[in-house]
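Novice: Input: one structure, supplied below.
The values are calculated or read from the model by the stated rules, or taken from the named source; none is laboratory data. All figures in this text were calculated on a predicted structure; none of them were measured in a lab. Here Cβ is always computed from backbone atoms with ideal geometry, including for glycine, and neighbour counts include all displayed protein chains.
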Amino acid sequence: MLTRLLALFALLLVPACDKAPAPQPQTGGGPALWQVERGGMKGWLFGTIHVLPKGIAWETPAIRDAMAQADRLVLEAADLQDEQKTLALFEKMGRSPDLPPLEKRVPPGEVAALGKAMADGGTNTQLLSGYESWAAAMLLSAASQQSLGVSQSDGVEPVLIAAFRKAGKPIGGLETVERQFGAFDTLPEAAQQRLLVQTIHEAKGMKALYDRILNAWVKGDMAAIAREDEIGEQPDPVVEDAILTARNRDWVKAIEPMAGRPFIAVGAGHLTGEGNLIDMLKAKGFAVTRVQ
C-alpha cells in the first residue's frame, strides 16, 4: 500500500490532464463515512481519494448532510492545496547536491526496468538524478500516471474546501505539507532506494491499480482497498512506519483535543490495514461507527 499511497500523493505534483474522462465507476453505497464520538466531540471521518477523473458522483446525501452539520473541515494538510508552496517545498526538500546518477541507486538487475519506466513516463535519468531517491520515486510515479486523465482539481479536497468556505466554516489540517514530505525525506537512503525500486515495478500497472482503487473507493468497499496490501511486494517496515503508522499516531494526537463537530477528511489508505487511524482512535476511547 505504500507505493500505492505514493502513487496517489505524487499526482499532486502534476498538472491536470486533458484526457477524456474515465468511465463512471459502478455505483454503490458511496465512499466510506464514519461517525466519530468521544466526550464533547461528535464529528465525522471521511476516507478520500486525492485525485479523480471528471464526473465522479461521490457527494451522497449522507456526506452532504454530514458536511452541513459539521462546524469545520479538517484535512490531512490544509496547505497542500497551495500549489506554489507545495512545489517550492518539494524542490527544497527533494533536491541535494552531488547525488549519484539514479541508475547507481538501484540494483544492477533493475537498471533496464528503471530505463523503461522513465521512457514510458516521458522522463529521463538526467532530470531525476538531481533529486533524492524518495523524490525521484515520487516524480517517476507522477510521470507514469500522466495518461490516467485525473487531477487534483477534480479530487475530493477542492470540493470540500469550496463548500466549507462558502458556508463560512473554518478549515484546518492534521499536519503540514512539510510534515508530509518530511516523512519521506527523513527515511534512510536504503529505504528510499527500496521505495524507488517498488515504484519502478508498479509503474507499468498504474492504470489498473488506479482503476481498482477508484472503483473500490466510490462503492465504499474498504475490504477491496485493504486487499491492495496483499497485491505485489510487501512494504518495507521502515517506510511503512514513517509514511503511514507514525503519521496516523500524530493525527490521533491532533484529533484527541477536538470538540464540536469536525468533518475530518483523510486519504482512504489511512483507514485500513495495519496501524490504521480508525483502530488507533478506538484504542483512545473514541466510538467510531460506519454510517455509509
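Novice: Tally time: how many residues in the range 236-292 are of a type in the set (Gly, Ala, Ser), assigned to a strand (DSSP E or B) and under 12 Å from Leu174 (Cβ atoms)?
Specialist: The number of residues fulfilling the criteria is 2.
Novice: Taking the condition more than 17 Å from the chain's Cα centre (by Cα), in a helix (DSSP H, G or I) and of a type in the set (A, V, I, L, M), does Ala117 pass?
Specialist: Yes.
Novice: Being touching a Leu at 6+ places or on another chain (Cβ under 6 Å) and either among the aliphatic types (A, V, I, L, M) or within 20 Å of Val239 (Cβ to Cβ) (or both): is that true of Val177 here? Steps first, answer last, please.
Specialist: Numbers: touching a Leu at 6+ places or on another chain (Cβ under 6 Å): yes; either among the aliphatic types (A, V, I, L, M) or within 20 Å of Val239 (Cβ to Cβ) (or both): yes.
Against the criterion (touching a Leu at 6+ places or on another chain (Cβ under 6 Å) and either among the aliphatic types (A, V, I, L, M) or within 20 Å of Val239 (Cβ to Cβ) (or both)), Val177 qualifies.
Novice: Determine which member of the set Arg247, Arg290 is of a type in the set (D, E, K, R), crowded, with 17+ Cβ neighbours inside 10 Å and in contact (Cβ under 8 Å) with a residue 24 or more places away in the chain.
Specialist: Checking each option against the conditions leaves just Arg247.
Novice: List the pairs whose first member sits in the range 93-116 and is free of Cβ contacts under 8 Å to residues at least 24 places away in the same chain, whose second member is acidic (Asp, Glu), and whose Cβ atoms are under 7 Å apart, counting only residues at least 6 apart or on separate chains?
Specialist: Final answer for the pair search is Val111/Glu103.
Novice: Pick out the one residue from Val159, Val106 that is buried (at least 16 other Cβ atoms within 10 Å of the Cβ) and farther than 22 Å from Ala242 by Cβ. Spell out how you get there, then give the answer.
Specialist: On the way: Val106 fails: farther than 22 Å from Ala242 by Cβ.
Testing whether each residue is buried (at least 16 other Cβ atoms within 10 Å of the Cβ) and farther than 22 Å from Ala242 by Cβ leaves just Val159.
Novice: So Gly260 ticks every box in (1) within 22 Å of Phe46 (Cα to Cα); (2) modelled with pLDDT under 95 but one. Which box is left unticked?
Specialist: Condition not satisfied by Gly260: (2).
Novice: Collect the residues in the range 155-176 that are in a helix (DSSP H, G or I), among the charged types (D, E, K, R) and under 17 Å from the mean Cα position of the chain (by Cα), keeping them in residue-number order.
Specialist: Filtering the range 155-176 down to residues in a helix (DSSP H, G or I) leaves 156-166.
Applying the additional criterion that residues be among the charged types (D, E, K, R) yields 157, 165-166.
Glu157, the sole residue that qualifies.
Novice: If Leu45 satisfies every condition in (1) at pLDDT 80 or above; (2) surrounded by 15 or more Cβ atoms within 10 Å (Cβ to Cβ); (3) hydrophobic (A, V, I, L, M, F, W, C); (4) part of a loop (DSSP other than H, G, I, E, B) but one, which is the exception?
Specialist: Among (1) at pLDDT 80 or above; (2) surrounded by 15 or more Cβ atoms within 10 Å (Cβ to Cβ); (3) hydrophobic (A, V, I, L, M, F, W, C); (4) part of a loop (DSSP other than H, G, I, E, B), Leu45 violates only (4).
Rundown of residues vs (1) under 22 Å from Ser144 (Cα atoms); (2) among the charged types (D, E, K, R); (3) touching a His at 6+ places or on another chain (Cβ under 6 Å), yes/no style:
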residue	(1), (2), (3)
Ala191	yes, no, no
Thr199	yes, no, no
Gly205	yes, no, no
Ala224	no, no, no
Val239	yes, no, no
Ala242	no, no, no
Arg247	no, yes, no
Arg261	no, yes, no
His270	no, no, no
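Novice: Okay, moving on. Suppose we filter the range 82-97 for residues that are at pLDDT 90 or above and surrounded by 14 or more Cβ atoms within 10 Å (Cβ to Cβ); how many remain?
Specialist: 4
Novice: For the range 222-229, state whether one or more residues are in contact (Cβ under 8 Å) with a residue 24 or more places away in the chain, in a strand (DSSP E or B), touching a helix residue (DSSP H, G or I) at 6+ places or on another chain (Cβ under 8 Å) and of a type outside the set (D, E, K, R).
Specialist: Taking every residue of the range 222-229 in turn, none turns out to be in contact (Cβ under 8 Å) with a residue 24 or more places away in the chain, in a strand (DSSP E or B), touching a helix residue (DSSP H, G or I) at 6+ places or on another chain (Cβ under 8 Å) and of a type outside the set (D, E, K, R).
Novice: Within the bounds of the range 58-81, is there any residue that is in a loop (DSSP other than H, G, I, E, B), free of Cβ contacts under 8 Å to residues at least 60 places away in the same chain, of a type in the set (D, E, K, R) and surrounded by fewer than 17 Cβ atoms within 10 Å (Cβ to Cβ)?
Specialist: No: the range 58-81 contains no residue that is in a loop (DSSP other than H, G, I, E, B), free of Cβ contacts under 8 Å to residues at least 60 places away in the same chain, of a type in the set (D, E, K, R) and surrounded by fewer than 17 Cβ atoms within 10 Å (Cβ to Cβ).
Novice: Additional query: Could you identify the single residue in Gly182, Gly205, Gly168 that is loosely packed, with under 14 Cβ neighbours inside 10 Å, modelled with pLDDT under 95 and not hydrophobic (A, V, I, L, M, F, W, C)?
Specialist: Exactly one residue qualifies, and that residue is Gly205.
Novice: How many residues does the range 185-200 contain that are out of contact with any Ser or Thr (no Cβ under 8 Å at 6 or more places or on another chain) and either over 13 Å from Val239 (Cα atoms) or in contact (Cβ under 8 Å) with a residue 60 or more places away in the chain (or both)? Step through it out loud before you land on a result.
Specialist: First pass over the range 185-200, keeping only residues out of contact with any Ser or Thr (no Cβ under 8 Å at 6 or more places or on another chain): 185-188, 190-191, 194, 197, 200.
Now restrict to residues that are either over 13 Å from Val239 (Cα atoms) or in contact (Cβ under 8 Å) with a residue 60 or more places away in the chain (or both): 185, 197, 200.
Here the count works out to 3.
Novice: Further question on the same structure: Surrounded by 15 or more Cβ atoms within 10 Å (Cβ to Cβ), at pLDDT below 90 and farther than 30 Å from Gly55 by Cα, is that true of Val177?
Specialist: Details: surrounded by 15 or more Cβ atoms within 10 Å (Cβ to Cβ): yes; at pLDDT below 90: yes; farther than 30 Å from Gly55 by Cα: no.
For Val177, the condition - surrounded by 15 or more Cβ atoms within 10 Å (Cβ to Cβ), at pLDDT below 90 and farther than 30 Å from Gly55 by Cα - is not met.
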